[in-house]
1. Would you work out what percent of the accessible area of chain A, with all protein chains in place, is carbon or sulfur (probe 1.4 Å)?
2. In whole angstrom, and with the biggest value first, how far do the Cα coordinates of region A:116-275 range along each principal axis?
3. Between A:SER231 and A:LYS707, what is the spin-label point distance in nm, taking each point 7 Å from the Cα along the Cα→C-beta axis?
4. Just checking the output field for B:183-190: average partner chain Cβ neighbours within 10 Å of each residue's Cβ?
5. So what's the gap between the Cα centers of region B:23-67 and region A:56-99, to the nearest angstrom?
6. So if we plug the beta-carbon distance of A:ASP721 and A:LEU200 into 1/(1 + (r/R0)^6) with R0 = 56 Å, what FRET efficiency do we get, rounded to 0.05?
7. Have a look at A:HIS694, A:TYR92, A:ILE630 and report the one farthest towards the positive end of the charge dipole of the protein assembly as shown, computed about the Cα centre with Cβ charges (Lys/Arg +1, Asp/Glu -1).
8. Can you list the lysines whose alpha carbon is less than 22 Å from that of A:LYS457, not counting same-chain residues fewer than 8 positions off?
Amino acid sequence: MSPKKSNIKNFFTSLPKNIFSGFVVSLIALPLGLGLAMASEAPPIAGIIAAVVGGIMVSILGGSHVTITGPGNGMVGVLLVAITTLGIEGAYSAIICSGVLLIILGFLRMGKLADFFPSSAIQGMLAAIGLIILGKQFHIMLANRLTLDSSFDYLVAIPKTVAGVFTYENNALIFAAIVGVLSLLIMVFYGKLRNKYFQLVPAPMWIVLLSIGFSYYYELVLQSPNPIAASYMLSGVPTATEIVSEIPTPDFGLFASFPFWISVFSLTLIASIESLLSIKAVDKLDPQKRRSNVNKDLKALGLATIGSGFLGGLNVVTVIARSSVNVNNGGSNRSANFVHALFLVLFIVLFSTQLTRIPLPALMAILVYTGYRLASPALIRKIFSIGKEQLLIFFTTLFVTLFVDIITGIVAGVIMTFIIHCFITKGVSLFIRNVMKPNVLMYKETTGQGAYYVSVKHFCTFLNYYKLKQKLDAVPEDQDVVVDFSLCGFVDHTVMENLHGYQEIFTKRGGHFEIIGLDLHGAESTHPFALRRLIPGISFLQHNLTRRQNTLKEIADDYHMEYQASEIEDLHFLDSFRFFASKKTESVYNVLYHPDHRLKVFDVDYSEGEFIAKENVKTTMFHIDLETKIPEFTLDREGFMEKLYAFAGFKDIPIANHTDFSKRFYLLGENEKEIKQFFTDDLVHFFESNPYYHVESNGDSLLIFHKERVAGVKEIKALYDFGVRLWKVIKS
Amino acid sequence: MSFTHFHTIGIGVTFSPNLTANIFEASRIALRFNARLILIHVGEVSDEKKETFVQTISPFAAKGLHYEIVFKPGKPVDSIVQVVSEKKIDLLIVGALKRENFLKYYMGSIARKITRKAPCSVLLLINPSVEKIPCKHIVVNGLEQEKTEHTIQEAFYVAHALESEKITIVEEISQQEIAAIEDDKSLRKATLEKEKLRRREVIRVNNIVSAIPDAHKENIVIASQPIFGKRGYSIGHFAQVARADLLIMNAPQKTKFVDRLFPHDLEHILTELPTDVLIIQ
């Protein structure tokens, strides 16, 4: 819970940052919108229309804060079916109807809808959607356009297409395939290259820029036609005036037919699930720790979908990848979503003709990568580590979705989950007898700290998780909560995963969330559910040290430090640093402790973004726990990035009489007066005469690091030396 | 002040493995309340049966327990209810099965039927035992109902007689009274509202408690706990969590046929019986 602030002032001070962030997001939204629409076999512009209408309407009417709306990955599968069975005009009317249903869901407060599905089934469904996207677009990426019956056939045909590339005789096709492969490589290696200039432009936009540049290179420098086959170029992008004059009329002719309503329900179901999951995930990333009003968002999304359908656009959903990019770039309120829509309009008005210079394989490479992220082997490994039965649920949903359709797939997943639960608990009576009972008791303890105590009886699975959720949602996140399962006979993976989410949010927001009473369950061993194996640790570290770890051990002996290879439990010392505000720390390991334990060097594994946009980064950092209070600040090298941030609303604090320092370093903080006092001549001289490091203070401790990657042995020594000397300067 | 003294206590007895335990518990309670115990057996009179009852109860008779054995043939529930009114029984003790069978729930178990029909207070024992188990902690409902005041007073009378150490009065605040929580703003509002409701409930309960004679409050720790949950059900859950020995509830206001199909209030507690339950008429 955050105190009320003067909203209008806040809005304007954060506006530059939001405009910047909205701009970066629009760079992704443009190619993705075009690609997703084409993957659904809709006109490419339909995706942009959805993003524009969604961005404008949801930013005005919605109830979430940092989400971005537009055409979604998950929708591709259902839209494809809708468009092929109903025709594009019929599909628009189905989209409009699903918008109406979404509004109704919002009014019925069905924001909890997504909680009724087992998480492994949802994962399976998303993986299937990923495979549908990947399977279909892979062929176009390699310049081999196919028309097959089912999504599964497309997947099976992949090896043949790959082999076929080497037999192309037409140079135009070879060029097209090369562009596809290069684009895919950009997508894959983009996250690995942590160069800030390179990362300034999102990967999809690099692909767009490079391919447009390539086309101009041929036209202007070589004065020869584009070598890529014309049939593999993006076509059918209308100009802005054409869009307005050629608004399609939705065809409600099939209104009474069965397939129409199947499509409407599928669209609604997937749109709401994708949006709700995204909102939930993005809320975890919000540095300002706000809670989204999901029902209000559903209504806004529904209205936007209706608008989009009438204007010839696709369904509007909340999208996770673009939202996390928004958070990472400093988006702090809904204006970023609005701005992203405005920039898209600008792009179309100014550059719609340039867009036809983009080769299709490049665009499809973006989608292939997105599809792959939805169904990556890492995901399957993670599910397997949770339990074999989860894998069974996952694959049931996945295959039924691939072979039949999405609705049947998710239903099969739910049924499979229930059967497995019955199998584990040896009967259905536990569920039938208790499913209607209000099994959750919550009260605020009148003694002690006044923690909220939640006791759950009987069983707690996806069937009745909403009851627990309803109670937990009523607790402000800065409070203490104890969830007791000792009276509960069975807890499933869905609940455990969701509770883990609560745990994260509570710790981030200054509260505490504890789960007790499960020890007994493990001992009973009657249900070997992977309850406590949810967070698989880096266990190999204990037994088998890597070469780097052995060297670290040597350094430790050399410098009289203590070395610990395994993960440390308490990661919260990092939470209050600005750097980690929109990131999630996964683990801290390879810790080198200074003899008095206040100083430590460690490797930290953290992630940016959520879900498919998630990037894991490992970095070596130095942490000093100070004895005295110091002002909060961030100090970094003055450079291009910082100039840009300055443009976006941050302010560099100048230190009097040290123009060199002010020129070379970028100092940021809220309490300008205290910071100026803190940066004494000695400290400034220290920074001036030493190598650059990113130094950050959270008030009572310092965090120092150099690059966003794991440091080598030499670098660790330098970092350690720098840190210890800085500590001494600050202490004196 | 309005509390009913338990002058006459009745217990239904049958020849089950629980017979000794049931009679022992009832006798101990009767001695505590200084009451007369009536053993009700549904069935024909026979000397053999009578002899068994007398034998079982003899250790307590030696301590000065006044008792009477009544034989009443007929349907179990009707016969017991009839004896209750004939003999002016104030408290009827019923030994119950800990969790009633799923099927029995719809057919209606004897214990629950008696609870509905008996004109007196009913004590359901989930675990009658031959050995004496002290009743340390009593949980009593503080529902906003007319009967509550009487129930709480009665609870103190019982606690005093059983030498209990602690009484927790549970105020159940129903979910309907709080606005739906959707975002930070509504959460803030709901939290404030809850706090207001909580204070209102505490004041109400305190008023009731202050009217109780000090003699009954001696050596008893009084706690009050507002809980948020489904009315009638959550208090049973709470009693279980708080490891209470006895749960004291208001008698149901009225039950219709529909209530049996859609269990609520007391029905939930009666199906699950988290602890011994005393229903105050």
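The values are calculated or read from the model by the stated rules, or taken from the named source; none is laboratory data. Here the structure is a predicted model, which is why all the values come from computation and not from measurement. Here the Cβ is made from the backbone with ideal geometry for all residues, glycine too, and neighbour counts use every protein chain on show. With ligands, DNA and RNA removed, areas are computed over all heavy atoms of the protein, side chains included. Shrake-Rupley method; radii C 1.70, N 1.55, O 1.52, S 1.80 Å.
1. Details: 18990 of 30640 Å².
Reported share for carbon and sulfur atoms: 62 percent.
2. 57, 43, 40
3. With each label placed 7 Å out from Cα toward Cβ, I get 4.6 nm.
4. Values: counts 11, 12, 6, 2, 7, 5, 0, 3.
That works out to 6 on average.
5. With region B:23-67 and region A:56-99 each reduced to a Cα centre, they are spaced 76 Å.
6. Values: r = 32 Å, r/R0 = 0.57.
Result of the calculation: an efficiency of 0.95.
7. Towards the positive end, the residue furthest out is A:TYR92.
8. A:LYS112, A:LYS426, A:LYS437, A:LYS444, A:LYS467, A:LYS469, A:LYS471, B:LYS98, B:LYS104, B:LYS230
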